[in-house]
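Engineer: Below you'll find the structure I mean.
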Amino acid sequence: MVVFKVVPVPLTPLMLIRLGQGEDLHYDWVSLSEMSPHLARAVIASEDNRYCEHSGIDWGAFGDVLEEARAGGRLRGASTISMQTVKNLYLWPGRSYVRKALEAGLVYGLEGAWDKERIIEVYLNIAEMGPGVYGVEAASRYHFGRSASELSFVQAASLAAILPSPRLRDPTQRNRAMGSRVGRIRRSIHELGPMLNCVPEAKGLGQPERQAERQAERQAERRPVAAPPPQPQVEPETEPEHSTETEVEPLPQAKDNFPQHLTPRKKGRRRARGKRGRRSPGL
């Protein structure tokens with residue numbers, strides 16, 4: 001415990017167990033100052049809200065768990081970040097009263113020997129974050145292809161959101177469940193406020209890429225649109241003048257279309273010849 005206060009942890013019992021099971025080992029140690037400040041704050045907001053205040057065991061959270069179990073609710077763990085650091089560093093995975101008793105005894109020694117920054121630094125370096133992936137540096141490169149120092153808030157919160165089930169969850173998924181977890185972490189950080197003073201401060205919580213794009217679009221819409229430069233006037237090409245009157249060739253006369261002997265005669269008006277009436281002999 002005294003040595004690991006200043007020396008990076010080379011391996012943990014869980015790493016050796018997974019290696020024996022045939023899994024790979026992706027593990028890179030980085031100091032807390034080389035991590036994105038969003039990581040420590042997101043993990044505290046997700047895993048242990050009273051991390052900066054308790055001395056290893058959060059008895060308030062432990063009492064809440066007992067009350068939920070008595071009321072018939074689902075039994076959930078009440079392990080703090082300090083307890084998980086002790087388990088990953090010195091003990092073995094699994095659930096047993098013997099391991100829990102050793103964990104509770106060692107956590108007070110850890111809290112007495114290390115400060116809060118060192119505990120969270122070791123935890124973020126040795127926590128399992130996927131099959132064969134340990135620590136935030138290896139997880140950042142494995143899932144996002146970048147160093148832990150370059151993580152945005154959303155990426156840091158996504159890594160924190162998989163810690164309860166790191167072998168089953170994928171931080172790169174963009175679904176409703178992951179969005180809900182990231183949203184809860186963001187709200188929790190806002191609510192905790194000064195309760196996060198034991199870890200480095202982060203400037204803002206960052207915004208999802210979609211919201212940043214929308215802001216840029218809104219700003220672009222508000223900018224005045226520059227008028228297009230005047231186009232040079234081009235005179236239309238002059239076309240030759242044409243007469244508006246259309247010359248129509250006269251239709252051929254009927255006499256030109258028929259043979260002379262078949263040319264129809266012109267119909268004239270016939271004078272009606274009236275019959276002279278005879279006077280009757282009696283008139």
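The values are calculated or read from the model by the stated rules, or taken from the named source; none is laboratory data. Small disclaimer: the values here were computed from a predicted structure and weren't measured. Using ideal geometry, Cβ is built from the backbone for each residue, glycine included, and neighbour counts are taken over all protein chains shown. Remember, those area values only see protein heavy atoms, side chains included, never the ligands or the DNA or RNA. Shrake-Rupley method; radii C 1.70, N 1.55, O 1.52, S 1.80 Å.
Engineer: Relative to a virtual label point 7 Å from the Cα of Cys52 in the Cα→beta-carbon direction, which members of the range 120-140 show backbone nitrogen distances below 16 Å?
Structural biologist: Only 120-121 fall inside the zone, counting backbone N under 16 Å.
Engineer: Considering amide H positions built from the backbone, and no H for Pro or chain starts, which residues 5 or more places from His26, or on another chain, come under 5 Å of its amide H?
Structural biologist: Here the answer is Val133, Tyr134, since their amide H atoms fall under 5 Å of that of His26.
Engineer: Can you give the local net charge around Pro200? Use residues other than it whose beta-carbon is closer than 10 angstrom to its beta-carbon, Lys and Arg +1, Asp and Glu -1.
Structural biologist: It works out to a net charge of -1.
Engineer: Between Lys203 and Ser149, with labels modelled 7 Å along Cα→Cβ, what's the label distance in nm to one decimal, could you check?
Structural biologist: 1.6
Engineer: What do you reckon, how do Val7, Val2, Val136 stack up by accessible area (1.4 Å probe), largest on top? Let's see the in-between values first.
Structural biologist: Working: Val7 60, Val2 120, Val136 0 Å².
The ranking, largest first, comes out as Val2, Val7, Val136.
Engineer: Sequence-distant or interchain residues sharing an amide H contact under 5 Å with Arg146, placed H: which?
Structural biologist: Long-range HN contacts for Arg146: Arg141.
Engineer: Keeping every protein chain in place, order Trp114, Trp92 by accessible area at 1.4 Å, biggest value first, i.e. largest first.
Structural biologist: Values: Trp114 10, Trp92 110 Å².
The residues order as Trp92, Trp114, largest area first.
Engineer: Still on this model: If each of Val6 and Leu25 carries a label point 7 Å out from its Cα toward its Cβ, how far apart are those two points in nm?
Structural biologist: 2.5
Engineer: What order do you get for 145-156, 169-180 when each peptide is scored by the mean count of other beta carbon atoms within 10 Å, highest first? Walk me through the intermediate numbers first.
Structural biologist: Numbers: 145-156: 19.2, 169-180: 13.4.
Ranking the peptides 145-156, 169-180 by packing returns 145-156, 169-180.
Engineer: Count the net charge of all other residues whose Cβ sits under 14 Å from the Cβ of Gly94, scoring Lys and Arg as +1 and Asp and Glu as -1. It would help to have the intermediate numbers written out before the result.
Structural biologist: Working: positive: Arg18, Lys87, Arg95, Arg99, Lys100; negative: Glu103, Glu128.
Here the count lands on +3.
Engineer: Using a 1.4 Å probe, how large is the accessible area of Ile44, given in Å² and rounded to the nearest 10?
Structural biologist: The accessible area of Ile44 comes to roughly 0 Å².
Engineer: If the chain between Ser180 and Arg141 were fully stretched, how many nm would it gain, using 0.36 nm times the residue separation less the Cα-Cα distance?
Structural biologist: On the way: separation 39, 0.36 × 39 = 14.04 nm, distance 2.38 nm.
Here the segment from Ser180 to Arg141 would lengthen by 11.7 nm.
Engineer: Can you give me the distance in nm between label points at Leu16 and Trp92, each placed 7 Å from the Cα along the Cα-to-Cβ direction?
Structural biologist: 1.1
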